[in-house]
Each structure stands twice: as structure tokens, then as C-alpha cells.
Amino acid sequence: MKTILDDKRLSLLCTLLIFVVLFTFPPKVSARSPYEWAHVRLDYACREKVKQLNRFCDKIHDTAIKAREDTILISFFDINRRYSRVQKNPNVPEALTEKLANLRRSIIKHYIENYLCFYDILMIDPNGRILYTVRKELSSQHNVFDGETANTPLAKCLATAPGEEVFIDFQYYTVSDEPAAFFVEPVTRNGEHLGWLVLQCAINKVNSLFAGDELLGPTGETFLVNHNGYMLTESNFQGDSTILKKKLDDRNIKAKFNEKQGRRTVTDYRGSTALTSFEVVEFLKIQWLVVAKMDKDQIVSEHFDQHRQYYYDGIIRKLADSRHQNQRTELVAEAGQKVIEVDMDEFVRANQNELLRTVGVSTCTAVVATYPGKFGYLAHITPQDRVYGGQATNLLEHVINKIKTYDIYKYERSRICFFVVARHNDSLSKIVDKLIDDGFLLSQISVLRGPPGHYANVTCDYFQNQISVEWASDEKDGDPIVQLACDGQNLGQVVEHLISEASGAPEG
């Protein structure tokens with residue numbers, strides 16, 4: 001117990017030290033190399049998971065060895081074996097049957113007190129016949145070489161009549177209707193091979209080791225991968241189970257298994273550019289890959305968050321360089337589409353393939369928030385709003401609260417796209433600050449900047465994730481300028497460019 005507590009204290013201390021180094025006293029190099037500091041966090045997270053996994057595997061392996069040498073289990077195994085031989089006799093004494101029933105009740109208590117780390121214990125004779133199982137998912141006398149178990153990895157292993165311990169990696173096990181791994185422990189008594197103790201391991205115990213990675217932030221996670229490239233733990237960012245269902249890119253995974261340990265920047269299973277740290281873990285001739293990863297977009301946003309004013313100055317410079325396209329076509333409603341007008345000091349949510357539209361955005365700001373294909377919001381924000389320093393309205397706050405409370409799960413947050421439309425910079429920093437503080441990333445925010453003296457008419461098609469901005473002028477000369485979503489300047493890309501070009505980034 002003392003060792004466990006000491007390990008926890010040491011782990012907590014290391015975590016706190018990393019945060020102190022990263023955020024309280026960031027050295028000169030931290031501002032110049034945010035990706036390097038991200039790798040420090042990833043390396044630490046990966047090493048911690050490797051340590052936890054090794055401790056878990058060692059503990060459960062020791063328990064498997066203990067079971068193999070447990071005289072109570074071995075004696076019980078032998079009694080069940082003998083009973084199965086006489087069970088076919090119609091004259092089996094009732095007293096013997098009752099005695100075995102009492103023994104089986106006592107073995108349950110023994111299992112709970114000593115072997116609860118295993119989901120099930122099966123006792124199987126050399127012919128593949130099940131003598132006893134704690135969970136009783138299979139009946140006694142069932143033969144593992146027949147029926148639904150015939151093609152399982154367990155049956156294939158036992159068909160080789162292993163005389164030494166074997167560990168079967170996690171595979172889908174039809175009997176339990178979930179992934180399972182097995183320790184196969186040969187049972188002998190007085191030199192006679194009685195069969196095997198089969199100790200079933202549930203995947204949830206391994207999955208729980210990888211749950212929660214607060215140190216890595218909103219896009220960070222650690223997970224376990226088998227040698228075939230399938231995830232053995234749940235993704236933090238998918239609603240459906242990924243265990244033995246999500247197959248990762250072969251080129252990426254094979255390279256990591258070959259390298260054994262290291263760092264890589266990859267396109268992950270969600271299509272995001274991610275930094276990773278990884279290490280191969282070996283256990284009883286089985287190899288697993290531990291991966292810690294974090295989206296590059298998050299690293300950029302975190303670095304921006306630490307040096308907001310510096311990067312706002314750079315963003316304003318980049319926005320001033322905007323080039324306005326004239327060869328664009330404004331979005332118009334298709335047959336059957338309804339156009340919803342959004343007034344000043346108002347926001348509206350669209351679904352069912354509706355279009356949103358607002359006109360006359362001059363000293364105001366239009367903010368579009370879309371989940372492509374699912375819903376969209378359009379807000380027409382006037383200078384009386386909080387994002388300008390006013391107090392009359394707080395439209396962006398209401399939009400974000402509705403999205404986070406009613407429209408999405410937490411893992412879907414990265415799928416929201418924001419477009420900020422204005423001809424000025426008066427509201428930009430407050431809007432960006434609000435979105436960053438609410439857990440969104442710079443890469444989710446694009447800005448469409450209009451020329452001075454123009455006003456914007458904004459149309460949003462959330463289903464196609466498109467917006468069009470017609471910049472018109474009261475002057476009669478000149479055609480309106482039309483911008484589409486692709487003309488917006490993505491703030492994640494802007495800041496990433498500023499980071500790469502500014503070797504003298506701000507010191508902490």
C-alpha cells in the first residue's frame with residue numbers, strides 16, 4: 001500500500017512540475033518551440049501509461065501463476081474431472097452430487113477473495129471438455145472444439161495441447177460478446193496432465209488505465225494498439241466503441257512497432273495532424289503499442305493563449321493583407337429551401353436544410369457557427385453587445401451555451417466551425433477570447449474581412465458548410481465583392497505561420 005501511495009504522490013508531483021515549467025516559468029525555448037514542449041507532455045504521458053500497463057500486467061500475471069499453483073483450485077479441478085467421468089452413470093450417489101455442489105459454492109468465495117481480477121475461470125480437460133466455469137456462460141460438458149467456440153483463439157490454442165503457459169491476446173470472444181484475453185495455465189498432478197486452467201481477462205480493466213488524460217488537453221489522449229493495428233482502448237472522440245473495431249493506418253503503426261519508441265507527427269484516425277509519442281510494450285510474447293497524441297491545432301491554440309496580445313498584433317497585420325475576390329457567386333436558395341432572415345441583436349438556429357441570412361453588417365459583426373450537415377447559427381451583433389464592451393446583449397454567449405448544452409456531445413466540439421464577418425477589428429479579440437476560453441481552437445475560427453466603407457450581406461448554408469458574404473457599398477460605382485468560406489483567413493493557420501516565421505517569439 002505504501003508503494004502504491006508513493007507512486008501516486010510521485011506521479012502527481014511530476015505532473016505539477018511539468019505544469020509549473022510550462023505555464024508558470026516558461027523558459028525562453030518554450031515560446032520558440034511550442035511543439036517541443038508539447039512533446040515533453042506527450043513523452044511524460046506515454047511513459048506513465050507504459051508504467052501503469054506494466055504494473056497491471058505484472059500483477060495479473062503473478063495472479064495467474066498463483067492460480068496455477070493453488071492447491072485448492074487444483075484439487076477442485078481434479079474433483080470435477082473425476083465427477084465428469086462418473087456423471088454418465090445413472091447411479092451416481094446423491095451425496096456425491098450434493099458434496100460437489102457445496103464445493104462449488106465454496107470455490108466461488110475463494111474466487112472472489114483471490115481471483116476477482118479475472119472475469120472468469122474455466123477448467124478444461126485435455127479433450128477440450130469444460131469441467132467447470134465460474135460465470136457459467138458455457139455449460140459444463142461443453143467442448144471448446146465444438147459449436148460457437150470452435151473457431152475462437154482459445155480453441156485454436158488448446159488444439160496445440162500447450163504444455164507451458166500461453167497468453168492469448170485480446171480478441172472478440174463470442175461467448176461473452178466482448179473482447180477477452182486468456183491466460184492458459186497447464187494443470188498437472190503427480191506428473192499427470194489434467195488439463196488447463198483458463199483465466200479470462202476483460203478488456204475494461206485495460207481500458208480503464210487509459211481513461212482520462214487531463215495533462216494532454218482537449219484533443220489529447222493515450223491509447224493501446226495491437227500488432228494488427230486495431231485499438232484496444234476506447235477513443236475519447238468517437239461515440240461508438242473503437243475497441244478491436246478502429247483500425248489505424250498500417251504505415252504509421254508498422255513504422256512505430258519497428259522503431260519501438262519515439263516521436264512522430266501523423267495524420268490521425270480523425271484526419272487531424274497530431275504529434276505523438278509512442279513506445280512498444282512486450283508481454284509474454286505479445287507486443288502492444290502505447291500512443292500518446294495531441295492535435296497540432298491544440299498546441300497552436302495553447303501557445304496563442306499564453307501570448308495573446310503578441311499574436312493579436314500579428315493577426316491584425318495578416319488580416320490587413322486580405323485580398324478580396326470578385327469572381328465569386330453569392331449563395332442563393334435552391335428549390336424547397338427556406339431563407340430565414342436574422343435581424344440586428346438577434347441570433348437564429350437553422351436546421352432541416354434552411355438558409356440563414358442577415359443584411360447591413362457595417363459597424364456590426366456577423367458570427368456564423370455551423371456543424372456541417374447538422375445545424376447552423378447566425379448572429380448579427382451590434383456595438384451594444386458584450387463583444388464590443390457593451391452590456392445590452394450577449395449573443396455569442398447564448399449561441400455557445402446552446403451548442404454545448406443542447407446540440408453536441410463534448411467529443412463533437414472540434415466539429416464546430418466559426419466564421420467572423422466584419423469590416424473592422426473592434427470585436428475580434430473579444431470573440432476569439434470567448435471561443436478559446438470555452439474550449440474551442442483557433443483552427444475552428446475563420447475571419448472574413450471586408451474593405452472600409454462597405455457593408456456585408458451574409459448568407460449561411462450549414463448543410464454544405466458554406467457562407468457567402470456580399471460586400472456592398474453605398475457608392476454606385478463598382479460591383480459588390482463576394483467572399484465565400486474558402487476566402488476566410490483561418491486563425492489557426494495564421495498563428496501557425498506566425499510561429500514558424502518568428503524565431504524571436506515572445507518570452508514567457
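Some observations on this one:
- Inter-label distance for E98 and T71, nm, one decimal - labels placed 7 Å from Cα along Cα-to-Cβ: 2.8 nm
- Solvent exposure of region 304-451 as accessible area per residue, Å², 1.4 Å probe: 46 Å²
- Multiplying the residue separation of T273 and N401 by 0.36 nm and subtracting their alpha-carbon distance yields 43.3 nm.
- Per-residue extension of 0.36 nm, minus the Cα-Cα distance of Q309 and Q384, leaves a gain of 24.6 nm for this segment.
- Net charge, L289 excluded, C-beta distance under 12 Å - Lys, Arg +1, Asp, Glu -1: +3
- Summing charges over all other residues whose Cβ lies under 14 Å from the Cβ of C157, with Lys and Arg as +1 and Asp and Glu as -1, gives -2.
- Among the trypsin sites (Lys or Arg not before Pro) found in region 100-199, those both in a DSSP coil and sparsely packed, with 14 or fewer other Cβ atoms within 10 Å of their Cβ, are R135, K136.
- Share of carbon and sulfur in the accessible heavy-atom surface of the chain [1.4 Å probe, %]: 49 percent
- E165 sits with roughly 60 Å² accessible to a 1.4 Å probe, with DNA, RNA and ligands left out of the calculation.
- Modelled FRET efficiency - R0 56 Å, D474 with D438, Cβ distances, 0.05 increments: 0.95
- Formal net charge of residues neighbouring F182 (Cβ-Cβ distance under 12 Å; K, R +1; D, E -1): -3
- Relative contact order (%) - the chain, alpha-carbon pairs under 8 angstrom, separation at least six: 13 percent
- Label-to-label distance for D321 and N54 is 4.8 nm, based on points extended 7 Å past Cα in the beta-carbon direction.
- Gain on full stretching of the segment that runs from Y172 to N490 - 0.36 nm per residue minus C-alpha separation: 110.2 nm
- Here the relative contact order of region 46-181, from alpha carbon pairs under 8 Å that lie six or more residues apart, stands at 14 percent.
- With a cut-off of 19 Å on the backbone N, the residues of region 452-466 near the modelled label site 7 Å out from K338 along Cα-Cβ are 459-464.
- Spin-label model distance (nm) - D426 vs E501, 7 Å beyond Cα toward Cβ: 2.9 nm
The values are calculated or read from the model by the stated rules, or taken from the named source; none is laboratory data. Predicted model only: the values in this text are computed from it and were never measured. Note that each Cβ is placed from the backbone with ideal geometry, even for glycine, and that neighbours are counted across all protein chains shown. Each accessible area value is taken on the protein alone, full model and side chains, heavy atoms only, with ligands, DNA and RNA left out. Shrake-Rupley method; radii C 1.70, N 1.55, O 1.52, S 1.80 Å.
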